[in-house]
Amino acid sequence: MRNLAAFVALGLAGPALATGLEVEIAGEANGTVVIDLYEDVAPGHVEQISALATEGAYDNVAFHRVIDGFMAQTGDVEFGKLGSDMRKAGRGGSDRPDLEEEFSDLPFERGIVGMARSQDPDSGNSQFFIMFADAPALNFQYTVVGKVTSGMDVVDAIKRGTGGNGAVIGAPDVMQTVTVTE
């Protein structure tokens, strides 16, 4: 059992974690998205996302993969920065180690924020995605890290990608600033 209650019961809980993120999005979508982070469900992932946000690593990172009716993916702090070679966006992570999965019974519904990964369940690093719609096929396959509590209209306006992989062509929408809230 890898949830915060288990860590607390064992006396292993560390410092208090962030409770959310405030994301300023610019491009075709413009506005603020507020995300409630589920530190009790995915403490390792929430700590990593919070640390990267605090360092400013997510600032000016593109939504590089956006599939209409499915999800919008961002968070490639290595290759997804505005002004970099966007052809590599989605292939990178951060200088932090990959994370062990923290799967839960929370369903992937509209507004849920999940951690992106490769085929290896223990490969989540910095990239995450926001669900446009319910996707039960993702349940128990990806780590749920939070949920959009405000600004879903902004998420819905994010520039869509093309083709089967949803790669965004041209100028992508970006997370201008990502701020940790408590």
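The values are calculated or read from the model by the stated rules, or taken from the named source; none is laboratory data. Everything numeric here is computed off the predicted structure, so don't read it as measured data. Don't worry about glycine lacking a Cβ; one is built from the backbone with ideal geometry, like all the others, and counts go over all protein chains shown.
Taking region 45-58, which residues are surrounded by fewer than 19 Cβ atoms within 10 Å (Cβ to Cβ) and either over 13 Å from the mean Cα position of the chain (by Cα) or of a type in the set (A, V, I, L, M) (or both)?
Matches in region 45-58: ALA51, THR54, GLU55, GLY56.
Can you report the number of residues in region 89-100 which are within 20 Å of ILE158 (Cα to Cα) and surrounded by fewer than 19 Cβ atoms within 10 Å (Cβ to Cβ)?
Our first condition is that a residue be within 20 Å of ILE158 (Cα to Cα); within region 89-100, this holds for 89-90.
Narrowing the set further to residues that are surrounded by fewer than 19 Cβ atoms within 10 Å (Cβ to Cβ) leaves none.
Number of matching residues: 0.
Regarding GLY83, is this residue surrounded by fewer than 18 Cβ atoms within 10 Å (Cβ to Cβ), part of a loop (DSSP other than H, G, I, E, B) and in contact (Cβ under 8 Å) with a residue 60 or more places away in the chain?
No.
Does GLU39 satisfy the condition of being surrounded by 14 or more Cβ atoms within 10 Å (Cβ to Cβ), touching a Ser or Thr at 6+ places or on another chain (Cβ under 9 Å), over 19 Å from THR143 (Cβ atoms) and at pLDDT 50 or above?
The answer is no for GLU39.
If you go through region 110-117 one residue at a time, do you hit one that is at pLDDT 95 or above, over 19 Å from ILE158 (Cα atoms) and buried (at least 21 other Cβ atoms within 10 Å of the Cβ)?
Taking every residue of region 110-117 in turn, none turns out to be at pLDDT 95 or above, over 19 Å from ILE158 (Cα atoms) and buried (at least 21 other Cβ atoms within 10 Å of the Cβ).
Can you name every residue in region 153-168 that is in contact with a Gly (Cβ under 7 Å, 6 or more places away or on another chain) and either outside any strand (DSSP E or B) or on the phi > 0 side of the Ramachandran plot (or both)?
Selection gives VAL154, LYS159, VAL168.
Among the residues of region 169-179, how many are part of a strand (DSSP E or B) and surrounded by 20 or more Cβ atoms within 10 Å (Cβ to Cβ)?
Looking only at that region, the number is 3.
Starting from residues that are of a type in the set (A, V, I, L, M) and part of a loop (DSSP other than H, G, I, E, B), keep the ones in region 116-152 and report whichever is nearest to ALA89 (Cα to Cα).
ALA116
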